[in-house]
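Asker: First, the structure itself, so that you have it in front of you.
Each reported figure results from applying straightforward, stated rules to the coordinates on display, with no laboratory input. Predicted model only: the values in this text are computed from it and were never measured. No Cβ is skipped: glycine too gets one built from the backbone with ideal geometry, and neighbour counts run over all protein chains shown.
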Amino acid sequence: MADYDAPGLTYDSGVFYDAATLPQPPRKRMAKVKLNLDRLSITDLIQRGNDIKTAMTGNASFTTPIPTLASIGTQITALTTANNIYESGLLTQKTNITNRDNAAATLIASLTQLGGYVEAASAGDEAKIQSAGMGVRAGRTPATVPDPVANLSITAGDNAGELDLQWDPANGAKTYEVQLSPDPVTGTSWVAQPSVTKSKAIILGLTSGARMWARVRAVGPGGIGAWSDVATKIVP
C-alpha cells in the first residue's frame, strides 16, 4: 500500500487502514524417501531391490532413473550370486567342522584304548610307559595329619551365657573338634561341642559367672591333630 503522504492520495481513496492481509496459499509438505536398507538381511535386501525395480519399470513418474534400472538389476543379480556362494560355503564349513570333530573323537578313543594297553603291558613300569611316548601320572601325595591348632582365644559373646572361640586355621584341617571344661579341669571334665568347619565357634547356654576352659583340635584326611593349648574365660 502507498504511503499516507504519497502525492495524489486522499484519505477517502477506498483504501482502509485496517484492510485484512490476503490469505497465502498453503505450502505443500515435500515427502521424503524412507528405505532403511541397512536394517535388512541380505535376503530381504535382495527382495526389496527386486520390488523397487519392478515398481519403477514402466513407471511414468520416473522415466529417467539414476542409476538405471538395468544397473540395479545387474547389482541384484551379483548380490544374489554372492549370497548363494556364501550360504553354500557355510553348509560346507559346518560339514567340515563336524567331520573334524568326529575324527578327533575317534582318535582320542583309540589313543585312550592304546594307553590302557601300554599300562597293562608295561606292568606299571614308568620307563616303559615313557618309551611309548606317553606321560606318567604323578602319584598321590599321602595325606598328612593336620597341624596343631594355634592361637586359641576366648571372648565374651553378645549375650549372657555366650562365649566366642577363635583360632588360626590349621594346615590339613577339614573340621575342628571343640571341647569345654568347667573349672577345675580334670581328665574327665571335658565335654565335646558341635564340630565346626571354620576356625571359630560360638558356645551358647553357659552359666554366667562360671569359669570355662576350652581346647580345639583339627581333623583332616590324614587323621586327627594334637589338641591346642587351653584357653579360659569367665562366662558373661
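Asker: Give the peptides 128-138, 224-234 in descending order of average Cβ contacts within 10 Å, highest first.
Answerer: Working: 128-138: 11.4, 224-234: 16.1.
Order by mean packing, descending: 224-234, 128-138.
Asker: Relative contact order of segment 185-236, please, whole-number percent, based on alpha carbon pairs below 8 angstrom and at least 6 residues apart. Walk me through the intermediate numbers first.
Answerer: Numbers: 43 pairs, mean separation 17.9, N = 52.
Once normalised by length, the contact order is 34 percent.
Asker: How many angstrom lie between the C-alpha centres of segment 177-236 and segment 35-79?
Answerer: 87
Asker: Assigning unit charges at the beta carbon (Lys, Arg +1; Asp, Glu -1) and nothing else, what dipole magnitude in debye, to the nearest 20, does segment 35-137 show about its Cα centre?
Answerer: 240
Asker: For the chain, what does the helix formula give at 222 nm: sum of -39500 (n - 2.57) over DSSP H segments with n ≥ 4, over the residue count, nearest 500 deg cm²/dmol? Display every interim value, and only then the final one.
Answerer: Values: 3 runs with 74 residues, N = 236.
Value at 222 nm, helices only: -11000 deg cm²/dmol.
Asker: From the P(r) of segment 153-234, can you give the percent of Cα pairs sitting at distances over 19 Å? Before the final figure, lay out each step's value.
Answerer: Details: 1108 of 3321 pairs.
That tail contains 33 percent of the Cα-Cα pairs.
Asker: Would you be so kind as to identify which of LEU114, VAL235, THR155 lies farthest towards the positive end of the dipole of the chain, taking Lys and Arg as +1 and Asp and Glu as -1 on Cβ and the Cα centre as origin?
Answerer: Toward the positive end, the furthest listed residue is LEU114.
Asker: Same structure, new question: In whole Å, largest first, what are the principal axis extents of the Cα atoms in segment 35-137?
Answerer: 92, 20, 16
Asker: For TYR176, TYR86, which order do you get if you count the other beta carbons within 10 Å of each Cβ and list the fewest first?
Answerer: Numbers: TYR176 26, TYR86 10.
Final ranking by Cβ density, sparse to dense: TYR86, TYR176.
Asker: Compute the acute angle (0 to 90°) between the alpha-carbon long axis of helix 42-56 and the principal axis of greatest extent of the alpha-carbon atoms of the chain; round to the nearest 10°.
Answerer: In the chain, helix 42-56 runs at an angle near 10 degrees to the longest axis.
Asker: Cα-based Rg (one decimal) and Dmax (whole number) for the chain, in Å?
Answerer: Expressed in Å, the Cα Rg and Dmax of the chain come to 47.4, 139.
Asker: Suppose R0 equals 25 Å. What FRET efficiency, 1/(1 + (r/R0)^6) with r the Cβ-Cβ distance, do LYS32 and ASN59 give to the nearest 0.05? If you can, show how the numbers build up before the last one.
Answerer: On the way: r = 19 Å, r/R0 = 0.75.
So the FRET efficiency works out to roughly 0.85.
Asker: Please list 91-101, 150-160 highest first by mean number of surrounding beta-carbon atoms within 10 Å per residue. It would help to have the intermediate numbers written out before the result.
Answerer: Details: 91-101: 9.9, 150-160: 13.6.
Packing proxy ranking, top to bottom: 150-160, 91-101.
Asker: Given an 8 Å cut-off on Cα distances and at least 6 residues of separation, report the relative contact order of the chain as a percent. If you can, show how the numbers build up before the last one.
Answerer: Values: 284 pairs, mean separation 35.8, N = 236.
Averaging sequence separation for qualifying contacts and normalising by length gives 15 percent for the chain.
Asker: Nearest 10 degrees, 0 to 90: what angle lies between the long axis of helix 69-121 and the longest principal axis of the chain (Cα atoms)?
Answerer: 10
Asker: Moving on to the next point. What ranking do 162-172, 103-113, 210-220 get when scored by the average of other Cβ atoms within 10 Å per residue, highest first? Kindly include the intermediate steps, with their values, before the conclusion.
Answerer: Numbers: 162-172: 17.5, 103-113: 9.9, 210-220: 19.8.
In decreasing order of mean packing, 162-172, 103-113, 210-220 become 210-220, 162-172, 103-113.
Asker: Another one. Dipole size in debye (nearest 20) for segment 116-204 around its Cα centre, Lys and Arg Cβ +1, Asp and Glu Cβ -1?
Answerer: Values: 6 positive and 10 negative charges, 79 e Å.
Computed charge dipole of segment 116-204: roughly 380 debye.
Asker: With label points built 7 Å along Cα→Cβ from the Cα atoms of THR188 and GLN24, find their separation and express it in nm.
Answerer: That separation, rounded to one decimal, is 11.5 nm.
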